[in-house]
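FYI, it's all coordinate maths here, none of it is from the lab. Computed from a predicted structure; not experimentally measured. Using ideal geometry, Cβ is built from the backbone for each residue, glycine included, and neighbour counts are taken over all protein chains shown.
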Amino acid sequence: SDDFAYEFAERVERVEPSATLAISNAANELEAEGHDVVDLSVGAPDFPTPENVVEAGKAAMDAGHTGYTSSNGVPELKEAIAEKLRADDIDADAGDVIVTPGAKQALYETVQTLVDDGDEVVLLDPAWVSYEAMVKLAGGDLARVDLAPHDFSLADGLDDLAETVSDDTELLIVNSPSNPTGAVYSDEGLEGVRDLAVEHDFAVISDEIYDEIVYGVEQTSLASLDGMADRTVTINGFSKAYSMTGWRLGYLHATGDLISQAGKLHSHSVSCATNFVQRAGVEALRNTDESVEEMRAAFESRRDMLVDLFDDHAVDVTVPDGAFYMMLPVDDDDSAWAEEAIQEAHVATVPGSAFGAPGYARISYAASEERLKEGMERLFDAGLLGDD
Ligand code: PLP
């Protein structure tokens, strides 16, 4: 019999599959063949979830917190999130928080809430892979500002941003600390965004999921700047700071109509985030200062180790001030480079093109110092990186 001819939605057809997924599949295949792969492609902290958070999750299950919660989240968690936001100088109320199964879901819902067919959405490249897909899935049109020529600095790229945005701009997505560059945008850069957003009256998504992972710099929340409270959707989550990637917990915060419209979309797409996971989230926000600092310090010393290593080998990297990623300058054909790195040196990286940054490869330093050194030595030895 004839196969049924599927008609796929064009919006879905024009989205690329995840580049990081393709790399990790290649890494898994090599490992299945018995090769030792140094996998630096992953965006997940290599630490266990803090023990007290795990215990809080178990206790919540034992206490029977396994049913639906209200769609926007349990009051205790929304209050703990509002407290965190207030500590970041955002004038936040628990009623303006929506808890989601992960920050990715919060981003997806926000883009769906704000973007219509043909709306212009501006990305700062290099940008996290899913933003482009989310905008396309909402029917939006992308405009991109390349920060690579400015060493990934937003402040230095403000003139380019000013030339790109206009009264037609609906939304700008900002991610600081940044995946994939590790850049933490300075107040000068963020205030420049504010000035343009106010001038052209557009909304801003501020994805702050790496805000706890910074190295000696301050991370300012966009919504805390004058003029930004009503036009900013602040996104955050528990995956990175608390090493809770598989728990799936995140949130969005905005005010007024923005949050009530987002709430409608949320209630029809996700009944609620998992009940006992939300309870564990309260513990994560309130009682993990030491574990968070331990992880942050470990990432910082890995960053320092890598920067020294690249100095020794004359690899010119932009030193990241946050998150756990670094962009390596590689061949113009970064996809071919990444393919060679994994097939020849068995080192998994993500080609910069996936983030709109050809000529780079992203490494994640969510791996032990020993494995990071091993990976870099393999790249040096294979002549894929550095001066030898
Ligand atoms: N935003 C950025 C910039 C990320 O790098 C990630 C995960 O890699 C997310 C959002 C999504 O995080 P979550 O695990 O909370 O969905």
Theoretical gain in end-to-end length, E7 to D187 [0.36 nm per residue, Cα-Cα removed]: 60.1 nm
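What percent does the relative contact order of the chain come to when contacts are Cα pairs within less than 8 Å and at least six residues apart?
The normalised contact order for the chain reaches 23 percent.
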Quantify how much of the Cα-Cα distance distribution of the chain extends past 40 Å, in percent. 14 percent
Extension length gain for N25 and E290 (0.36 nm per residue less Cα distance), in nm, is 91.9 nm
Calculate one ³J(HN,Hα) per residue across region 115-124 by plugging θ = phi - 60° into the Karplus curve 6.51 cos²θ - 1.76 cosθ + 1.60, and present them in order as whole Hz with x for glycine and proline. 10, 10, 3, x, 5, 8, 10, 9, 10, 9
Can you list the residues of region 342-366 with backbone N under 20 Å from a point 7 Å past the Cα of H35, pointing along Cα to Cβ? 342-352, 361-364
Would you pull out the residues with amide H under 5 Å of S176's amide H, same chain only if 5 or more places away, H placed 1.01 Å from N? D207
Only helices counted: for the chain, with every DSSP H run of 4 or more residues adding -39500 (n - 2.57) and the sum spread over all residues, [θ] at 222 nm is -13000 deg cm²/dmol
Förster radius 25 Å - calculated FRET efficiency between D89 and H200, Cβ distance, rounded to 0.05: 0.55
Taking K58 as the anchor, which lysines have their alpha carbon closer than 27 Å to its alpha carbon, excluding any fewer than eight residues away along the same chain? K78, K84, K104, K240
Cα atoms only: what Rg and Dmax, in Å, come out for region 65-286? 16.4, 51
Restricting the count to DSSP beta bridges whose residues both fall in region 65-286, what percent are antiparallel, rounded to a multiple of 5? 30 percent
What does the highest-first list of 123-134, 354-365, 330-341 look like by mean Cβ count within 10 Å? 354-365, 123-134, 330-341
How much length would be gained if the chain were fully extended between D168 and D332, taking 0.36 nm per residue of separation minus their Cα-Cα distance, in nm to one decimal? 55.7 nm
Please list, in chain and number order, the residues 5+ apart from A361 or on another chain whose amide H is under 5 Å from its amide H, with Hs placed from the backbone. L328, V330, G352
